[in-house]
Each structure stands twice: as structure tokens, then as C-alpha cells.
Amino acid sequence: MQCHLGIDDTDSQAGGCTTYIASLIIEKLGKLGAQFTDYPNLIRLNPNIPYKTRGNAAIALRFKVPAPEKAFAAAKWILRNSLLPTDPLNQKPEPGLVLFIGDRIPSMLRIFSQEALQTVLSISRARDLIKQLHLRSFSTNGGRGLIGAVAAIGNPLNEDHTFELICYRHPKNWGFLRKIGKASVFEMDSVFRSSTFNNSDPKSSRILIAPRGPDPVLLGIRGETPSSLMNAIRMLDLDEQVQGYVIYRSNQGTSEHLQTLKGLQPHEAGSVRGTVMDHPRIERGGHVFFELSTKLGSLKCAAYEPSDSLRQKVLLLEKGDRVQVGGGIRPASSTDALVLNLEFLLVEECIPVYRTFNPLCLVCGGSMTSMGYRQGLRCRKCRARVPPIPKLRVTQPRNIAPGFYLPPPRSQRHLTKPIKRFGKERRRPYRRLLEAWYGNVSSL
Ligand code: ATP
């Protein structure tokens, strides 16, 4: 029978990373004779959850093993012994470890996982599921991580998915500057442009494959196939010791969290169609806001300053335009209603915009002004008069066309589907394991 081991909430702002703990567990399971049936699944959940450390990631390992109980005990031991000490000011990790044994993922788990992508779930719901399905579990410090651990098991990535190759640093380097040759990243990016994504940010020339914090991750390359990632990493100049690497299968870059919203609840993620109700306006901090009339009611939408090119597009919207927007809902404050923070803008229809003006004077070509209601026009220059005539109307050019708009790569969520992935969506799971899907640097 197949084992599904879910892991979450093992790190804090002080350091650590759930994928790193997963990499240690993978190594141990390999030694216990586990046969992996899939790449480890790196499942991103609702990115608007307030208690996340960074990108709200959870992990599911899927394997067959002679003694599942022993495997669970080994994973629990690693988890317990790898938690970093936290200072009292930092939020403590609330780790959760869950084991489901079975060849089919029960629908209750799948539904929980779908909801974890868009809504906010309670720890008690995760605990109820664990009880109902007789799952093996372990948690400490409140166990919020049980939510992510259960949700990761419940998402077998049967539809669109991507891959990420993550390299881990040697512990002696944690907290120090990452030594990655910048030029080699740009070169790799240009060679593997069609099979990898979000390696760098073109406008700011920032490298996006390396995190900036004190965590154990040296870098992660995201892309369409495990083999392209292996080839891509070989192009990089790495001037520090790589402790190990793992290739993950993931819902990153799929926009799986932006399904149609069913309501407008704080911290939820999703998308909705609507009609622009006013001309977008710039407010304090350079952020742009507009009102959208949707079937869920009127919704204030925001494109924040870091969303750069998306913000520029939003400014070109006009009252009456038909759009679809996707993002996360910021709770109402004492001064503001709920706001949808834009992750994408799909312009479906741009309404024509007209400019009306009085015709020019037939005598001297000067501009004409109205003399009052039904009084006709008078030339400002030569004072010639004409009887009332209709104003002329010309169509104004619109500087925005129907289409899909995203913020620049540096401001995109892990889950956001980059434009270059459109048309590359996978319809079926790809679980064929490369021989060296994890290992130490010698296998690279
Ligand atoms: P990292 O990416 O470095 O692993 P993180 O950003 O994933 O960190 P965590 O430390 O794992 O953050 O914290 C996220 C917490 O939110 C976890 O306890 C997880 O179980 C919980 N969580 C995830 N999704 C939801 C959800 N939809 N509703 C409620 N809680 C959730």
C-alpha cells in the first residue's frame, strides 16, 4: 500500500525551511528501503494566510515502504530534532506530520486541500479529518502545521503542475551571502528560456532563483520537466558547497488558487468578473485603486506600487471596461472596506472612449464657444455666430487592449502562472522519476 506523508510548519522567520526537513526525511526513508512513487510534492497553499512564514508551502512524500510505522517514527524523530531554536519575539513553528496509507486519496482529503488553496481553515477541521480517517499524526506547539500537512496529502497534482530543483546549503554557510555567479544565471535563463521560468527579473536585473533570508536553501530553479532543471543547474557557477538537492513536483506557476470566488471573505484567494465603476485613482504610496461591480457586490481592487507594470495597466482602465481580476482579499480596516489585492488582470472588453467638442469657426477657423442653452455658438476670435449645432464626437485611442496582465516576475506569487506557461499546462501527472531526482552534488 502507498504511504502519503504530509509535513508543514517547521520553520520560522529565524530560519529553517519545510523543504529542507523534507530532504532529510527523504534521505532517511531511502535508507529504510522506501520506494518513492512520485517526486516529493511541494504544495503551495492560500498565499494570504496571515501566519505563513514566507510562501505557505507544505510537502507530501508518496512512497511504499516495508514498515510504515518505522518510517513515520523516523520522520517524527527528524522533525523534532531539526527544529531551530526561536527567540521569544519570533513566532514559533507549529509543526504537523500526517501519514495516510492507501492507494486512493479520499475525497474528504481532496476537498480539504482545495479549500486550503483559497480559504482559511481551522486546526480543528484538520484534527477532525485525522480522526475520521484514522490517520497517524504528530504535532507540537499548537499544531497549526496539521492543516498544511493534511492539505498537501490531499493534492496529488493530477492536473497542471511544474517542477522545482532546490539545492541546499551546507549548515556552516547558513546566514551568509549566497555565492552564485550572477552572469551564469542570466546565461542559463537565456538557454532554458522555454523550459524554466522566473529565474530573473528583466527590469530590475534581480536574480530570483535564490532566497535572501538565513534559510538552508541555496537556490531553486523552476521549470517544466525534471531533466531540463538538471541541465539548467549544471550551467550555474556556484562558489559554495551544495549539501544536497531534491527535485519537487509542484502547483507553483499554475494559478491553482485563483478559481472563481464564491464570496468575499478576508484572506481568501480567487478571481471574479466585473465592470469597472470608476476611473482608477492613485492614492498615498503610489498604490492604485478602482471599484469593480461584480455579481458578489461592489469590490475595491488595488494594484500596489511594487506591481509596477500591472499598476500601469490598471491606470489605463476606464469606467465600463469588462475585466476579470484575481488575487487575495485584504480584510477591512477601520477606514477601508475589503480590498482585492490584484495578482492578475484580464481585460475582456475595452469600451470605446469619446471626446466631444464644438466645431471650428467656418469664417476664421477659431474655436467656438456656446452662448447658452439653444443659443448657438460664437467664435472666440472673430465673434461670428452660428445657430445651435450638435457637438462633434471623436473616438479616443485606448492604450490598453484586451489581454492578460501580470506584475513583473519579482512581484509574482509562487503560485502565479507566468504568461510563458500559457499553453504548456499539463493534463496528467508526470511521475516518472529520474534516477538522480535527489542526492548530493556529485549526482548533479
Ligand atoms: P516555508 O515556505 O518557509 O515552509 P511557510 O510560508 O509555508 O514557510 P509555515 O511556517 O508553514 O509558512 O506556516 C503556514 C501555516 O499556515 C502552517 O501552519 C499551515 O498549516 C497553515 N495553513 C496553510 N494553509 C492554510 C489555510 N488555508 N488555512 C489555515 N491555515 C493554513
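Based on C-alpha pairs under 8 angstrom that are at least 6 apart in sequence, the range 251-390 has a relative contact order of 18 percent. Once the 1.4 Å probe is applied to the protein heavy atoms, the range 78-183 comes out at 48 Å² accessible per residue.
Computed over the chain, the per-residue total of -39500 (n - 2.57) for DSSP H runs of n ≥ 4 gives a 222 nm mean residue ellipticity of -5500 deg cm²/dmol, rounded to 500. Near the amide H of Gly270, within less than 5 Å, lie the amide hydrogens of Gly327, all on another chain or at least 5 residues away, with H placed in the peptide plane.
If you line up the long axis of helix 182-191 against the longest principal axis of the chain, both from Cα atoms, how many degrees apart are they, to the nearest 10? Between the helix axis and the principal axis of the chain, the angle is about 80 degrees. Summarising the label geometry, the points placed 7 Å from Cα in the beta-carbon direction at Gln114 and Ser333 lie 3.5 nm from one another. The fraction of accessible area contributed by carbon and sulfur in the chain is 52 percent, rounded to a whole number (1.4 Å probe; ligands and nucleic acids excluded). Per-residue 3J(HN,Hα) values for the range 314-328, derived from phi via the Karplus relation 6.51 cos²θ - 1.76 cosθ + 1.60 with θ = phi - 60°, read 4, 4, 8, 6, 10, 4, x, 5, 9, 9, 10, 10, x, x, x Hz in sequence order (x marks Gly and Pro). Average accessible surface for the range 353-396: 78 Å² per residue, computed with a 1.4 Å probe over protein heavy atoms with every protein chain in place. Shape of the range 1-129 from the C-alpha gyration tensor: oblate (a/c of 1.5 or more and a/b not above b/c, with a ≥ b ≥ c the square roots of its eigenvalues). Extension gain, Arg281 to Asp201, is 26.1 nm, computed as 0.36 nm per intervening residue step minus the present C-alpha separation.
Look at the alpha carbon pairs under 8 Å that are at least 6 residues apart: their mean separation over the length of the chain gives a relative contact order of 16 percent. For the chain, the longest principal axis of the C-alpha atoms and the axis of helix 68-82 are separated by about 70°.
Here the peptides 125-134, 306-315, 279-288, 320-329 are ranked by packing, the mean other Cβ count within 10 Å, and the order with the highest first is 320-329, 306-315, 125-134, 279-288.
Taken over the alpha carbons of the range 353-396 as equal point scatterers, the Debye sum produces base-10 log I(q)/I(0) values at 0.25 Å⁻¹ of -0.83. Between Asn141 and Glu425, the simple label model (points 7 Å from Cα in the Cβ direction) yields a spacing of 3.7 nm.
By the Cβ-Cβ criterion of under 4.7 Å, the unpaired cysteines of the chain are Cys3, Cys17, Cys167, Cys301, Cys350. When the Cα gyration tensor is reduced to axis lengths a ≥ b ≥ c, the ratio a/c is 1.5 or higher for the chain, and with a/b above b/c it is classed as prolate. Please tell me which of these pairs span more than 23 angstrom C-alpha to C-alpha: Lys76/Lys131; Lys262/Lys300; Lys203/Lys417; Lys313/Lys420? Checking Cα-Cα distances, every pair stays at or under 23 Å.
The values are calculated or read from the model by the stated rules, or taken from the named source; none is laboratory data. What you are looking at is a predicted structure, and each value in this text was computed from that prediction instead of being measured. Because the Cβ atoms are built from the backbone with ideal geometry, glycine has one as well, and the counts that use them run over all protein chains shown. Protein only, heavy atoms only, side chains kept; ligands, DNA and RNA dropped before computing areas. Shrake-Rupley method; radii C 1.70, N 1.55, O 1.52, S 1.80 Å.
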